[in-house]
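A quick write-up on the structure given underneath.
No value in this document is a laboratory result; all are computed from the given coordinates. All values reported here derive from a predicted model rather than from experimental measurement. Cβ sites come from the backbone with ideal geometry, for glycine too, and all protein chains shown count toward neighbours.
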Ligand SMILES: CN(C)C(=N)NCCC[C@H](N)C(=O)O
C-alpha cells in the first residue's frame, strides 16, 4: 500500500485548509444564522465585533484532524484505484483508468473521510458560530472556551452520539460529490496534457480549482442541512432528524435555503483545491 499518497494528502489538505477557513466561517454563519443580510454584512459584522481573528475561529481542530481526514480521502482514493485497476499513481498517466473506476474510488474515499471528519467538523461549526469577541471567550456569554472544552461539553450534554450529529447529511454530501471531484480533476488534466505525460503545474491548478467548484456547487444543499443539524442540540432539539430539517427549512425559507453559501463555497473551492492538488502532485513527484 503506497504510504506516500496518505502523507501527500495530509500536507496538501493543510495548505488548502488555512487558505479557505475565513470563507468557510462566513458560509457557516450564513447557513445557520438568520441575522445577516448577506455576505458583505456578515464579513463586516464579524470584523467589527471579533476583529480578523473572528474569521479563523474553529480552525485548530481542522488543522489537527486534516492529517487524518485528507490522508484518508487521497489514500483511500488512490488505493481503491490500485485495487480496481492494478496501476500505481505514476503508471496511471500511461494507462489511464476509466471514469467509472475513478468515480467509484472517489466515492469510497468520500464515504470513509466523512466518518473521520464528522466530529471534527461539528466542533468547527459550533465554534465558528460563536460570535463573541475573542477576549470574551471564557466569559459566561461564550458557551465553549475552545475545541477541547467544546468536545467535552458535547459529550457530557449530548452524549457520544452528539458528536456525530449531522453525519448522515455529511455522508450524503461527500460520497457522490467526491466521486465527481476526482472525475472532474482527471478529466480536465487529461484534456490539457499530451498523452503519457504528467500535467503541468498550470493544468493541475486549473483542474484542481474547477474540481473543487464543481463538487462544492453540488454539495451545497446537503452542506446546509449538515450545518443546521450540527447546530441543533445546542439549545434543545429543533429537528426530529435530517428529513425533518430539510422539510422545515424548505417550508420556512423556500427552495433558496438549499443554496445558502453556494457563492462562498465556490469562491473558496477554487484556491483551496488548486493549492491542494498542486501540493499533492508536487509531493508525489518529489518522492518518486
Ligand atoms: C465537495 N466536497 C465535500 C469536497 N470537495 N471535499 C474535498 C475537500 C477538499 C478541500 N479540503 C475542501 O475543503 O474544499
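Show me the ranking of peptides 271-277, 157-163, 228-234 by mean Cβ neighbours inside 10 Å, starting with the highest. Walk me through the numbers before you get to the answer.
Details: 271-277: 24.7, 157-163: 13.4, 228-234: 22.3.
Descending mean neighbour count gives 271-277, 228-234, 157-163.
The mean sequence separation of alpha-carbon pairs under 8 Å and at least six residues apart, normalised by the residue count of the chain, gives a relative contact order of 26 percent.
Relative contact order for region 143-288: 29 percent, from Cα pairs under 8 Å spaced at least 6 residues apart, divided by residue count. Spacing of the modelled spin labels on residue 237 and residue 40, each 7 Å from Cα toward Cβ, amounts to 4.2 nm.
The long axis of helix 4-32 is offset from the longest Cα principal axis of the chain by roughly 30 degrees. With no solvent and one equal point scatterer per Cα, compute the Debye intensity ratio I(q)/I(0) for region 201-272 at 0.23 Å⁻¹ and report its log10, rounded to two decimals. Each listed q corresponds, in turn, to -0.95. Compute for region 109-206: radius of gyration divided by Kirkwood radius, i.e. Rg/Rh, restricted to C-alpha atoms, rounded to two decimals. Rounded to two decimals, Rg over Rh is 1.20.
If contacts are Cα pairs under 8 angstrom and at least 6 residues apart, what is the relative contact order of region 1-78 in percent? Let's see the in-between values first.
Values: 61 pairs, mean separation 43.9, N = 78.
So the answer I get is 56 percent.
Give me the angle, in degrees from 0 to 90, between the Cα long axis of helix 242-253 and the longest principal axis of the Cα atoms of the chain, rounded to the nearest 10. Approximately 70 degrees, to the nearest 10.
Note on 286, 82, 178: ascending count of other Cβ atoms within 10 Å places them as 286, 82, 178, the fewest first. If you wrap the tightest convex hull around every Cα atom of the chain and split its volume per residue, you get 130 Å³.
Against the chain, whose longest principal axis is taken from its Cα atoms, helix 99-128 shows a tilt of about 30°.
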